[in-house]
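For reference, the structure is listed below as C-alpha cells.
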Amino acid sequence: MNRNDPCPCGSGKRYKHCHGSVEPAAPRALHLEALAAHRSGSLTKAEALYRQAIEVQPGNFDSLHMLGVLQYERLRYGEALDLLWNAAEQTGWTDPRVRKNLGLVLAKFLAPQADARQEALVAGYIARERARHASPVIAARVSVVLPVRNGASGVARAIASVAAQTYADIELVVVDDGSTDGTAEVVTRCLSGLAFPAKLVRREHQGAARAANEGAAQAQGRYLAFLDADDRYAPERIERMVAEIARAEPLWGFSQFGHQGDAGDDGSSPPRAGVPR
C-alpha cells in the first residue's frame with residue numbers, strides 16, 4: 001500500500017497519517033542506545049541520543065543524569081551542573097549516584113579556590129619550618145617517664161632501650177602502678193647499673209594515665225618523653241626528637257613507631273612485612 005493512499009480503516013485519513021504513521025522511538029530505547037554509544041566512547045552520538053530522549057520525555061531522569069555525566073566528561077561543567085541538578089530534583093535528591101556526580105561538578109568549580117588555599121597553607125608551613133630550624137636548639141635534660149604494671153617479662157627491654165640512647169643528658173622515672181608480679185624487683189635490678197639518674201616510684205594501682213602524670217610530676221628534666229613498658233626506643237630516638245622540637249616552639253612532638261614480631265631480649269628481629277609505620 002502506498003503511504004499516501006486512504007487508510008483501510010475507513011477514517012478518511014491518509015494511511016501515513018493514521019495506522020501507517022511511524023511512532024517515535026520510545027525514550028527508554030533511545031536512552032539505551034545513547035548509553036551504548038556513551039560506553040563505546042562515541043560521545044557526540046551519545047549526546048544527540050540523550051537529547052532526543054529528553055525531548056521526547058522532558059522528565060527523563062536517566063537521560064538527564066547521563067547527559068550531565070557526559071557533559072562533565074567533556075569539561076562542560078556549567079551545563080553538567082544544570083542537568084544533574086534537574087535530575088536530582090526529579091528524584092527528590094534521593095539518588096546517591098546523582099548526588100555524587102553533582103558533587104564532582106561542584107568540586108570542579110571550587111578547585112581553583114581550593115588550590116589557592118592549599119598553596120597558602122603549604123607556603124605557611126614552609127615558612128614556619130624555616131623559622132623553626134633557624135631558631136637555636138635548647139638542649140637540656142630529657143626525663144623518660146615509664147609507667148608499668150605487671151610488666152616483669154618485658155620492662156627490662158624497655159629500660160635497656162633507654163640506656164642505649166645516643167643522647168646523654170637523660171633521666172629515667174619508672175612508675176610501678178601497683179604491680180602484683182615481680183616488676184619492682186626487675187626494675188630495681190635494671191636501674192642499679194645505669195650511668196644516668198634513674199628512680200623507681202611505687203604506688204597503688206590507679207591506672208596508666210595517673211601513673212604517667214605521677215612520673216611527670218617526679219621528673220626533673222626540661223623535656224618529658226613517655227615510654228610504655230612493652231615498647232622500646234630506637235637508639236637515636238631522643239637525640240632526633242631534641243634536634244627537631246627542642247626549641248621555643250613547638251611545645252610537643254611525636255615520632256613514628258614500628259611493630260616487631262616475637263623478638264629475643266636483644267630486640268633484633270626485623271619489623272614484620274606489611275605492618276604500617
Normalising by the residue count of the chain, find the relative contact order in percent from Cα pairs under 8 Å and 6+ residues apart.
14 percent
Fewest-first sequence of LEU32, LEU227, LEU172 by Cβ atoms within 10 Å of each Cβ
LEU32, LEU227, LEU172
If you build the Cα gyration tensor of the stretch 131-204 and take the root of 5 times each eigenvalue, what three semi-axes come out, in whole angstrom, biggest first?
28, 13, 10
Given 4 °C and 1.567 mPa s, how large is the Stokes-Einstein diffusion coefficient of the stretch 20-107 in µm²/s, with Rh as the Kirkwood radius over Cα pairs?
100 µm²/s
Can you sort PHE61, PHE109 from fewest to most other Cβ atoms within 10 Å of each residue's own Cβ?
PHE109, PHE61
I need HIS133, HIS205 ordered by Cβ neighbour count within 10 Å, fewest first.
HIS133, HIS205
Extension gain ARG39-ARG130, at 0.36 nm per residue separation less the Cα-Cα distance, in nm?
27.7 nm
What spacing in nm lies between the two simple spin-label points modelled at ARG74 and ALA184, each 7 Å away from Cα in the Cβ direction?
8.2 nm
Helix 96-134 versus the longest principal axis of the chain: what is the Cα-based angle in degrees, 0 to 90, to the nearest 10?
30 degrees
With a bin width of 10 angstrom, please list the P(r) values of the stretch 138-249 as percents of all Cα-Cα pairs, from the 0 bin to the one holding the largest distance.
15, 50, 29, 6, 0
Roughly what percent of Cα-Cα pairs across the chain reach past 23 Å?
71 percent
Are there GluC sites (Glu not before Pro) in the stretch 158-233 that DSSP puts in a loop and that have at most 15 other Cβ atoms within 10 Å, and which ones?
GLU204
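Every number in this text was worked out from the coordinates using simple rules, so none of it is lab data. Values in this document were obtained by computation on a predicted structure and should not be read as measured data. A quick note on method: Cβ atoms are made from the backbone with ideal geometry, for glycine too, and the neighbour counts reach across all protein chains shown.
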